[in-house]
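If you scroll down you'll find the structure; I have some questions about it.
The values are calculated or read from the model by the stated rules, or taken from the named source; none is laboratory data. Every value quoted in this text rests on a predicted model; they were computed, and no experiment measured them. Cβ atoms come from the backbone with ideal geometry, glycine included; neighbour counts cover every protein chain shown. The protein model used for the area step is the full one, side chains on, heavy atoms only, and it has no ligands, DNA or RNA in it. Shrake-Rupley method; radii C 1.70, N 1.55, O 1.52, S 1.80 Å.
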Amino acid sequence: MFAVNLVTLVVLIPTFFGTGVFEEDPFLVGFFLVIFIAFFISPHIFLYLFQKPKWTEFDPETRIILLGEKKVTLRTIPFDQVQFLSFSEYTYTVKTKNGSRTVTVFTVLGHLDEGTVPFAESTNFPEVRLFGESIAKILKTSLQNESKELIPYTELDLPIHKRKVPKEILDSEITFLSDSTLIEEKTNQESKLFSKYNPKIFVFVSFTVSIALTLIFHFVIGSAFDFSIETWESFPPTMIQIIFLILSIMIGFLPLTYVWWNYKKRKEIRITKDSFYWNQTEYRFQDWEEILLKEHTLYIINDTKTKSHSLFFFCLPTDYLNVRNWIIKEIFLRSGGNADLSRF
């Protein structure tokens with residue numbers, strides 16, 4: 001919220017001064033200053049007054065979990081009552097002036113005899129995963145994975161290639177839709193997955209957005225400083241007006257440039273006996289614990305770092321999970337895993 005406020009001020013203040021309105025009536029400076037402060041400070045005040053932050057504290061000495069709200073302890077739970085932990089998620093819709101957006105919240109749940117209790121939550125899944133593993137180690141209990149299997153806390157730090165692979169992944173023959181234009185190649189040394197996914201709809205949408213963004217930037221910002229085409233008094237225009245026109249086009253066409261760059265860059269996944277490669281970036285199996293998929297993003301995770309790679313320009317959304325499962329299966333097979341043993 002602070003970042004949005006700062007960006008808005010950086011845009012609005014020069015624009016207002018560029019119009020010259022403050023030069024005509026200096027008292028407007030004070031008036032607008034009060035309005036700006038009230039407008040930008042009020043959301044933070046409301047959040048402070050109406051938010052009820054919840055907290056969870058784990059005390060290894062007393063082996064008690066404290067659950068509270070603000071400064072009040074609402075409940076205590078002995079460590080021994082927690083049978084295992086799991087992850088869950090829920091979504092809610094936030095309405096804005098320009099529409100709405102969906103927010104996903106991930107939660108660490110403790111399973112008790114009488115039900116479940118949330119211990120931690122965040123909109124960042126890698127962060128919640130780290131919370132879950134940390135809590136499981138403190139409580140010395142198991143953590144349930146996406147396949148509903150209970151992983152003992154002593155096995156949470158195993159590297160990728162030593163983890164048990166779900167039976168449904170090992171037993172399935174992973175295929176991809178033809179529209180994803182994914183090409184699979186295997187040699188004795190490595191497995192490769194190339195992508196030639198370049199849907200035309202992305203070009204059309206980005207071109208339309210770029211035109212609109214260029215016009216908005218050029219005429220809204222340019223008119224305030226007499227740089228836009230409508231304020232040109234001669235042709236050719238002044239040097240600064242030419243520079244602003246070029247700048248408007250460069251900034252406006254960033255969406256199209258971004259799509260073009262993603263179309264032209266190399267998109268491949270390689271797996272050898274000891275490493276996973278995203279293009280030229282290497283991830284050694286021994287150094288990383290999991291590869292997770294949330295929405296269109298792959299997360300390569302260990303206890304200290306998280307690396308992410310988007311599949312948005314790699315394949316169709318319906319193949320996101322297939323790509324992730326292909327990686328998991330190939331890592332297991334390339335690293336010398338025995339599919340028969342892994343099923344038990």
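When the residues of region 292-305 are narrowed to those that are surrounded by fewer than 17 Cβ atoms within 10 Å (Cβ to Cβ) and hydroxyl-bearing (Ser, Thr, Tyr), which ends up farthest from Tyr320 (Cα to Cα)?
Thr304
Going residue by residue through region 180-194, is there one that turns out to be closer than 30 Å to Thr272 by Cα, in a helix (DSSP H, G or I) and either touching an Asp or Glu at 6+ places or on another chain (Cβ under 9 Å) or open to solvent by less than 70 Å² (accessible area, probe 1.4 Å) (or both)? Even if it seems obvious, please write down each step before you answer.
If we filter region 180-194 for residues that are closer than 30 Å to Thr272 by Cα, which is where we start, we get 180-194.
Pick out the ones that are also in a helix (DSSP H, G or I) and you get 180.
Of the ones still in play, those that are also either touching an Asp or Glu at 6+ places or on another chain (Cβ under 9 Å) or open to solvent by less than 70 Å² (accessible area, probe 1.4 Å) (or both) are 180.
Checked against the condition, which is being closer than 30 Å to Thr272 by Cα, in a helix (DSSP H, G or I) and either touching an Asp or Glu at 6+ places or on another chain (Cβ under 9 Å) or open to solvent by less than 70 Å² (accessible area, probe 1.4 Å) (or both), region 180-194 yields at least one hit.
Another one. Could you figure out which of (1) touching a Ser or Thr at 6+ places or on another chain (Cβ under 8 Å); (2) in contact (Cβ under 8 Å) with a residue 24 or more places away in the chain; (3) of a type outside the set (Gly, Ala, Ser); (4) farther than 20 Å from Lys294 by Cβ isn't true of Leu66?
Of the numbered conditions (1) touching a Ser or Thr at 6+ places or on another chain (Cβ under 8 Å); (2) in contact (Cβ under 8 Å) with a residue 24 or more places away in the chain; (3) of a type outside the set (Gly, Ala, Ser); (4) farther than 20 Å from Lys294 by Cβ, the odd one out for Leu66 is (2).
Quick one: how many residues across region 55-76 are farther than 15 Å from Ala120 by Cβ and surrounded by 12 or more Cβ atoms within 10 Å (Cβ to Cβ)?
4
Kindly list the number of the only condition in (1) part of a loop (DSSP other than H, G, I, E, B); (2) without any contact (Cβ under 8 Å) to a residue 12 or more places away in the chain; (3) over 23 Å from the mean Cα position of the chain (by Cα) that fails for Ile242.
So the condition that Ile242 fails would be (1).
Here's another thing I want to ask about it. Could you please find all residues in region 152-170 being of a type outside the set (Lys, Arg) and in contact (Cβ under 8 Å) with a residue 12 or more places away in the chain?
As a first pass, look at region 152-170 and keep what is of a type outside the set (Lys, Arg): 152-161, 165-166, 168-170.
Matches in region 152-170: Tyr153, Leu156, Asp157, Leu158, Pro159, Ile160, His161, Val165, Pro166, Glu168, Ile169, Leu170.
Go through region 282-329 and tell me which strands (runs of 3 or more DSSP E), entirely inside it, have 2 or more residues that are hydroxyl-bearing (Ser, Thr, Tyr). Working first, answer last.
Values: elements: 290-294, 297-301, 306-310.
The qualifying strands (runs of 3 or more DSSP E) are 297-301, 306-310.
If you scan region 195-204, which residues turn out to be surrounded by 13 or more Cβ atoms within 10 Å (Cβ to Cβ) and not in a strand (DSSP E or B)?
The first filter runs over region 195-204 and keeps only residues surrounded by 13 or more Cβ atoms within 10 Å (Cβ to Cβ), leaving 195, 197-199, 202-203.
Matches in region 195-204: Tyr197, Asn198, Pro199, Phe202, Val203.
Can you name the residue in region 143-179 that is part of a helix (DSSP H, G or I) and of a type outside the set (D, E, K, R) and, of all such residues, is nearest to Leu130 (Cα to Cα)? Before you say what the answer is, go through the steps one by one.
Here is the first cut: in region 143-179, the ones part of a helix (DSSP H, G or I) are 153-155, 160-162, 167-170, 178-179.
Checking the rest, the ones that are also of a type outside the set (D, E, K, R) come to 153-154, 160-161, 169-170, 178.
Details: Tyr153: 12, Thr154: 15, Ile160: 16, His161: 19, Ile169: 24, Leu170: 26, Ser178: 37 Å.
The qualifying residue nearest to Leu130 (Cα to Cα) is Tyr153.
Report, by residue number, each residue of region 106-142 that is among the hydroxyl-bearing types (Ser, Thr, Tyr) and under 24 Å from the mean Cα position of the chain (by Cα).
First pass over region 106-142, keeping only residues among the hydroxyl-bearing types (Ser, Thr, Tyr): 107, 116, 122-123, 134, 141-142.
Across region 106-142, the qualifying residues are Thr107, Ser122, Thr123, Ser134.
Now for a different question. Is one or more of the residues making up region 153-176 within 27 Å of Pro255 (Cβ to Cβ), buried (at least 16 other Cβ atoms within 10 Å of the Cβ) and either over 28 Å from the mean Cα position of the chain (by Cα) or among the β-branched types (Val, Ile, Thr) (or both)?
So far as region 153-176 goes, no, none of its residues is within 27 Å of Pro255 (Cβ to Cβ), buried (at least 16 other Cβ atoms within 10 Å of the Cβ) and either over 28 Å from the mean Cα position of the chain (by Cα) or among the β-branched types (Val, Ile, Thr) (or both).
Every residue in region 112-144 that is open to solvent by 40 Å² or more (accessible area, probe 1.4 Å) and of a type outside the set (Lys, Arg), please.
Residues of region 112-144 that are open to solvent by 40 Å² or more (accessible area, probe 1.4 Å), as a first pass: 113-114, 116, 118, 121, 123-124, 127, 130-131, 134, 137-138, 140.
Residues satisfying the conditions are Asp113, Glu114, Thr116, Pro118, Glu121, Thr123, Asn124, Glu127, Leu130, Phe131, Ser134, Ile138.
Contact list please: Cβ distance under 8 Å, first residue in region 308-321 and in contact (Cβ under 8 Å) with a residue 24 or more places away in the chain, second residue aromatic (Phe, Trp, Tyr) and open to solvent by less than 20 Å² (accessible area, probe 1.4 Å), pairs at least six apart or on different chains.
What qualifies is Phe313/Tyr197; Phe314/Tyr197; Cys315/Tyr197; Leu316/Tyr197.
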